[in-house]
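The values are calculated or read from the model by the stated rules, or taken from the named source; none is laboratory data. Fair warning: this is a prediction, and the values are worked out from it, not measured in the lab. Ideal geometry is used to build each Cβ from the backbone, glycine not excepted, and the neighbour counts take in all protein chains shown.
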Amino acid sequence: MKVLYIGGTGEISYSCIVAGARLGHEIAVFNRGRCEEPLPAGVRQIVGDMNDDAAYRRLLGEERFDVVCQFRAYADETIRRDLEVFGGRCGQYVFISSASAYQKPPKRLVVTEDTPLENPYWDYSRAKARMEATLLSWHAEGRLPVTIVRPSHTHRRRFPGGIGHGDDWAWRILHGKAVLVYGDGTSLWTLTHSGDFAEPFVRLLGNDRALGEAFHITRHMESYTWNEIYTQIAVALGAEARIVHVPTDTLLRYNPEWTGPLLGDKHWPVLFDNSKVMSVAGRFECKVSLADGMAGAAEHYCRRAKEYVPDPQRHALFDRIADEQQALGG
């Protein structure tokens with residue numbers, strides 16, 4: 001089976017390539033040619049820039065693939081171009097959407113694929129939902145055979161973060177600085193290791209039962225509290241997390257740009273029911289524990305720690321929030 005990955009070196013896609021190679025997929029990867037880790041043997045790299053329209057069409061427009069996996073579509077223009085390039089030239093177009101597109105605030109703790117895609121807080125999520133609708137309409141019209149996949153918070157080399165980046169919080173933990181956790185830190189959040197995500201993902205490829213369908217792939221009906229997550233990051237780094245709890249609405253008063261990542265995603269407790277993808281791709285288990293996942297991320301962080309340059313303004317804001325919250329008794 002000939003499979004093209006657009007992207008292919010990110011937190012999620014790299015693990016999918018590794019899993020696909022184990023199954024004997026004939027894999028090509030389109031990206032800028034920058035990869036921190038070696039691609040599996042036999043993977044063909046097509047070097048190009050997503051933003052170079054002429055090169056994209058020239059490099060990919062004459063090839064035929066059984067499956068195209070689009071990991072880098074964030075705007076309508078990208079999928080419209082893909083329709084022109086891959087329409088009639090692939091047996092399955094897999095669009096990587098986002099579980100953040102699901103209804104916010106959620107009406108139920110347990111999320112299924114039938115949960116409405118209604119997120120008023122985050123442009124990113126609304127764009128993904130809009131592209132899903134467009135792609136499924138093209139599928140219904142016979143213009144492009146589509147499968148939708150919605151990852152939630154999926155990690156591998158990077159620490160999870162809510163506001164800021166995971167490396168920000170790792171640096172702060174190692175330097176004894178406060179770690180900001182929204183609410184009281186007991187809200188449930190689902191983390192999935194990309195190695196666990198990849199196993200059912202690659203079994204959707206070339207699977208006729210996946211056509212015209214949308215699936216999320218996450219840890220099944222299991223979540224962690226944010227207190228647990230940040231504590232485990234600290235354990236993996238051999239340090240202690242100095243957690244400061246801050247109400248979400250307080251954080252947003254300091255920086256309204258956090259509205260999307262918080263109210264549009266991580267503020268709300270969720271559990272994901274993966275019964276649908278299991279019914280098509282087969283049962284799977286998420287074998288990478290929180291402790292093991294954070295330990296792996298810590299190894300990668302320590303390798304690149306010298307490259308991390310703290311943003312003075314960002315960390316000054318974190319310090320200010322922590323100090324003012326603690327002055328209130330938080």
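Is one or more of the residues making up segment 71-92 within 20 Å of A198 (Cα to Cα), touching a Gly at 6+ places or on another chain (Cβ under 6 Å) and modelled with pLDDT of 95 or more? Taking every residue of segment 71-92 in turn, at least one turns out to be within 20 Å of A198 (Cα to Cα), touching a Gly at 6+ places or on another chain (Cβ under 6 Å) and modelled with pLDDT of 95 or more.
Would you mind stating whether V29 is outside any helix (DSSP H, G or I), surrounded by 16 or more Cβ atoms within 10 Å (Cβ to Cβ), touching a residue at least 12 places away in the same chain (Cβ under 8 Å) and touching a Gly at 6+ places or on another chain (Cβ under 6 Å)?
Yes; evaluated as a whole, the condition is true for this residue.
For segment 267-295, the set of residues classified as within 15 Å of R158 (Cβ to Cβ) and under 17 Å from the mean Cα position of the chain (by Cα) consists of V288, L290, G293, M294, listed by residue number. Scanning segment 32-51 for residues that are exposed (fewer than 12 other Cβ atoms within 10 Å of the Cβ) and closer than 15 Å to D82 by Cβ yields a total of 1.
C90 meets the conditions (1) in contact with a Lys or Arg (Cβ under 8 Å, 6 or more places away or on another chain); (2) within 21 Å of T190 (Cβ to Cβ) in every case but one. The failed one is (2).
Among the numbered conditions (1) in contact (Cβ under 8 Å) with a residue 40 or more places away in the chain; (2) buried (at least 17 other Cβ atoms within 10 Å of the Cβ); (3) within 22 Å of the chain's Cα centre (by Cα), the only one that T231 does not meet is (1). I need a count of the residues in segment 13-26 that are crowded, with 21+ Cβ neighbours inside 10 Å and under 20 Å from H300 (Cα atoms). The number of residues fulfilling the criteria is 5. Tallying residues that are charged (D, E, K, R) and surrounded by fewer than 16 Cβ atoms within 10 Å (Cβ to Cβ) within segment 257-275 yields 1. Taken together, the residues in segment 1-10 that are part of a loop (DSSP other than H, G, I, E, B) and surrounded by 18 or more Cβ atoms within 10 Å (Cβ to Cβ) amount to 4.
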